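Enquirer: Have a look at this one.
Just so it is clear, none of the values below were taken in a lab; they were calculated from the coordinates. Since the model is a prediction, treat every value here as computed from it, not as a measurement. Reconstructed Cβ throughout: ideal geometry from the backbone, glycine too, with neighbour counts over all protein chains shown.
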Amino acid sequence: MAIRRTYTDKDVQLPTWLDTAGIPLGCLEKIKMLNENIAEINEMCQEALEDSVLMGCDQKQIRDVLLNLVRDLQEPFKDSA
């Protein structure tokens, strides 16, 4: 049985969030939500990596799968025209 640790924002390298013009976001609620989303994604990926290794999966393969998931994300709100 794997021991799960609790992750904090300090475990994740968080960026300065920028708008489309390259200016740092100023809304603390937006920044907080973005940081929380990244921390949650980090925790889920870490757990998936640990689980896969415990089940005998090659660590490089699961890392590649996770990278491909991010690479293949659909662009939101893209014009369909």
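Enquirer: Go through the range 24-44 and count every residue that is surrounded by 14 or more Cβ atoms within 10 Å (Cβ to Cβ) and either of a type in the set (Asp, Glu) or part of a strand (DSSP E or B) (or both).
Expert: Of the residues in that region, 1 qualify.
Enquirer: Looking at the range 45-81, which of its residues are surrounded by 10 or more Cβ atoms within 10 Å (Cβ to Cβ) and among the charged types (D, E, K, R)?
Expert: Within the range 45-81, 47, 50, 51, 58, 63, 64 meet the criteria.
Enquirer: So residue 20 fits all but one of (1) assigned to a helix (DSSP H, G or I); (2) without any contact (Cβ under 8 Å) to a residue 12 or more places away in the chain; (3) β-branched (Val, Ile, Thr); what number is the exception?
Expert: Unmet for residue 20, out of (1) assigned to a helix (DSSP H, G or I); (2) without any contact (Cβ under 8 Å) to a residue 12 or more places away in the chain; (3) β-branched (Val, Ile, Thr): (1).
Enquirer: Can you pull out the residues in the range 7-17 that are outside any loop (DSSP other than H, G, I, E, B) and exposed (fewer than 10 other Cβ atoms within 10 Å of the Cβ)?
Expert: Answer for the range 7-17, where residues must be outside any loop (DSSP other than H, G, I, E, B) and exposed (fewer than 10 other Cβ atoms within 10 Å of the Cβ): just 10.
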